[in-house]
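No value in this document is a laboratory result; all are computed from the given coordinates. The model shown is predicted, which means the values in this text are computed figures rather than measured ones. Every residue, glycine as well, gets a Cβ built from its backbone with ideal geometry; the counts of neighbours run over all protein chains shown.
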Amino acid sequence: MRLRLSLLVLCAGGMFADVGSLIPTSKQAPDPTILSMEEMAIDIHIDGSNARVNMRQIFASHAPAISEGNYVFALPGGALVSDFAVWDGPVRIPGVILERKRAEELYENIRLQAIDPGLLQMGESDSDAGRRTTVFSAKVVPIPPFGTKRLEIEYHQRLPLENLISYLAIPLKPEAYRQQTVGRLWITLEAQSVHPIEAFEVAGKSYPLQIQEKTANNVRAALEVRNFILTEDFAVTLRRAAPGGPALMVAAQREVAPEPGYFEASLLLPREAPAASGPPRRVTALFDASLSMQWDKLERSYAALAKLLTSLRPEDKFDLFAFNSAVSRYSASPSPGGTAEAEKALAWLKEQPLRGSTNLNAALEAGLGAVDTGNAALVLFSDGGASEGEIRSGKVADAYARKWSASKKPRTFVFAVGDDANVNLLRALARNDGVLETINSTETPDFKLNAFLSKLQRRPVAGLALAADANLADVYPLQEQTYGGSEAAWVGRYKQPARTTFRAGGTQLAVALPAQESAHPQLPRMWAKARVDALLEKIERDGEDKATIDEIIRLSRKYKFVTPYTSFLAAPRALLRPRLIRPGDPVLRVRTDKLISSVVAVFPFGLVKPLRFLPGEEIWQTRFLAPVDMPDGTHNVNLVLRDRNGNTYKESRTFVIASKPPVVRSRLDKKTYRAGESVIVRASASASTRTVTARMYGVAPVALRWDTKSLTNAGQFTIPRDIAPGRYTLTVTAEDMAHNIGSEEVSLDVLP
């Protein structure tokens, strides 16, 4: 297959679902004859460089039977899902954050009861895929026949500021050769900024947005249309007034007085003076021609490379490498710039074969070897999906950093296209004196691409850091580098209300940090997201560990946003907290809203007990004894909750008495093995099972995990090479949530 063929095939149809589409599970793409979009309301609030987008959609079913759908969308770069809800008729069922595996298990159990859950998670498979994708999916069931289904999603996004211009785009345009119509569309927008707004414009021509108010620090606008055909993305730009010098501003938020507060410090930099023509440039371009770059990623990367090469002057020089499992070079020596040579290089690139593997390490090494002068730029166009040679992200990044230090040290620029780009690896590569830019499948690339290419000729502002202060803690920068005309920003926590001095870039500002404020409610979540990003980068570099994953899950649940290790699950609350209890088990634990001041439990066997609040865990708890003669099964416990204002609420929870151990059945792929061979163990167990473990003499315990292909729990271990020949017993144990344990033994023979 050649690049030319792939570029043409792209036009035959999209490979990704449209944003905000409810796709029937029987289809691979939206089908308005089955599910059509009747209404869509979008509320946009911009606070400085932070945007919150709330989208509400109503879909109509044209099917005569109950159906299930996948709500699929790709978010803009850096966006963070903060809320999700489905509606069961007139009842709104908001999402709660749960550990990813637990959410999936609950979803399947609830779905079988024909109750309306929605599951929202990053990626389609597991936490590893979730770390590398901005495609979010929500499973929705049941969709009533000839009825409607209402969905809500909210996300936060930090808007890039380039040359004093912020750009917000909501991807609404369908894929190529598709058309999507919404029966009624509302959009409301409010933008506020402490740095004066000089201009506000609607980038899309088809959206009749009406400006209702425009001042130096605030803009309000809205539109309402019917039977609207979505032909382009909705996008707006805000241009800040040019400051006379670096302008430092601080926003703060404190939700609960005894706890630390949160802040964002932002430093707006003036635009740089236009640069002179400058000395000749030396550019080495690495273009990923592996099969993972097919379709949209290939098209966008090629367009970006073409814009780079055609912008070079005749006195500039460039190298071009195409790589997959092999690395090919356009010319044995650097080529002169200019349009004619650029077109020859692009024609050569179109004839290069697409191959399945990506030897990223070899490509980087070849690119470094071609740089024979200082003040050069190495530009990588790739999704970072290394699949041949060294494939571990941390090892690839470390190897490149070492070789880069021993080379001519070209500035390393990375242009990543695609929802599944390995952002953590590509960010690590770009930290070698360069810049990373990411473009998702639904983003219009022009704004980001122009800013990216302009930085090849510019240098970031040096020495920008937020000075330490005794009242500030856990500070994280929100950008890798800052250029003139953009904004440096930091988020962190402050320990107590006090007058605090912020210093950055030679500028300082004294601020009386508030004890409590509600003007910037996004700040706690922004800080938590920055902390989680740092932890995910640690995992990418050093591997997973329980403490790090537990902290990610804790932050995700407390501040309510999706991570690769958590999911939103929308379902009736009583179904989210069932608890398996053996007769005599003494603990009942309930999580409530922060406004609740007391909880009393009324048990079905006549016991009434108040619950005690545990501040460290933010949970209510009491100990009780279930009667020994209480039958196995599901039982109700009624809760009486009272809030701080004296209002009383009643809720019902369920718990399960489980005194019988789970039943486990296991099997091996064969009965005889030799030392050093791998053993694959498969087991099925009762629905209440929580963990399945296999144990054999001389081998560490092996956890059996659910395998969707074989529909069993599966695990693998290797027969030790020094084990004595003979017959061994493999014990497979299953433990349920009530800690009942069932087991089964199978024998295997180790041959000499």
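A few notes on this one:
- Other residues whose C-beta falls under 9 angstrom from the C-beta of Ile719 contribute a net charge of +1, scoring Lys and Arg +1 and Asp and Glu -1.
- Scanning residues 5 or more positions from Thr358 or on other chains, those with amide H under 5 Å from its amide H are Ser387, Glu388, with H placed 1.01 Å from N in the peptide plane.
- What the Kirkwood sum gives for the range 622-746 is a hydrodynamic radius of 17.6 Å, with every pair of different alpha carbons counted.
- Sequentially through the range 550-560, phi angles give Karplus couplings (6.51, -1.76, 1.60; θ = phi - 60°) of 4, 5, 4, 5, 5, 5, 4, 6, 5, 9, 6 Hz, Gly and Pro residues having no value and appearing as x.
- Debye equation applied to the C-alpha atoms of the range 577-657, log10 I(q)/I(0) at 0.11, 0.19, 0.23 Å⁻¹: -0.28, -0.80, -1.12
- Karplus 3J(HN,Hα) series, Hz, for the range 284-301 with 6.51 cos²θ - 1.76 cosθ + 1.60 (x for Gly, Pro): 10, 9, 10, 10, 6, 10, 8, 5, 5, 9, 4, 6, 4, 5, 5, 4, 5, 5
- Solvent-free Debye calculation, one equal scatterer per alpha-carbon of the range 414-545: log10 I(q)/I(0) at 0.13 Å⁻¹ equals -0.73.
- Restricting the range 630-737 to trypsin sites (Lys or Arg not before Pro) in coil, as DSSP defines it, with at most 16 other Cβ within 10 Å: Arg644, Lys670, Lys671, Lys709, Arg721
- Cβ-based charge dipole, the chain, positive-most Cα from Val692, Ala416, Pro279: Val692
- Size descriptors for the chain, from the alpha-carbon set: Rg then Dmax equal 28.7, 90 Å.
- Given R0 = 22 Å, the distance between the Cβ atoms of Leu509 and Glu198 translates into a calculated FRET efficiency of 0.50.
- For the pair Arg220 and Thr691, the difference between a 0.36 nm per residue extended length and the Cα-Cα distance amounts to 164.2 nm.
- Cut-off under 5 Å, modelled amide H: who pairs with Val511 long-range: Thr500, Thr501, Phe502
- Separation of the range 424-444 from the range 473-497 is 19 Å, based on Cα centroids.
- Fully extending the segment from Leu614 to Arg674 would add 16.2 nm, taking 0.36 nm per residue of separation and subtracting the current Cα-Cα distance.
- Exceeding the 27 Å Cα-Cα cut-off - candidates Lys538/Lys558; Lys149/Lys173; Lys205/Lys560; Lys297/Lys709: Lys205/Lys560; Lys297/Lys709
- Lysines with Cα under 24 Å of Lys609, excluding same-chain neighbours fewer than 8 positions away: Lys594, Lys650
- Between 0 and 90°, nearest 10: helix 100-111 axis offset from the chain longest Cα axis: 60
- Here the contact order of the chain, divided by its residue count and restricted to Cα pairs under 8 Å and six or more residues apart, works out to 12 percent.
- Here the Karplus curve 6.51 cos²θ - 1.76 cosθ + 1.60, taken at θ = phi - 60°, turns the phi angles of the range 150-155 into couplings of 9, 10, 10, 9, 10, 9 Hz, with x standing for Gly and Pro.
- Amide H contacts of Val461 (H built 1.01 Å from N, under 5 Å, at least 5 apart or other chain): Thr482, Tyr483, Gly484
- Dividing the mean sequence gap of close Cα pairs (under 8 Å, 6+ apart) by how many residues the range 577-657 holds gives a relative contact order of 39 percent.
- Local electrostatic count, Phe200, Cβ distance below 12 Å [Lys/Arg +1, Asp/Glu -1]: 0
- Helical contribution to [θ] at 222 nm, DSSP H n ≥ 4, -39,500 (n - 2.57), averaged over the chain, rounded to 500: -5000 deg cm²/dmol
- Reach of Lys408 by Cα under 22 Å, taken over lysines that are not fewer than 8 positions away in the same chain: Lys317, Lys395, Lys455
- Footprinting exposure proxy ranking of Phe413, Phe613, fewest other C-beta atoms within 10 angstrom first, gives Phe613, Phe413.
- Sequence-separation-based contact order of the range 358-403, relative, with Cα cut under 8 Å and 6+ spacing, percent: 58
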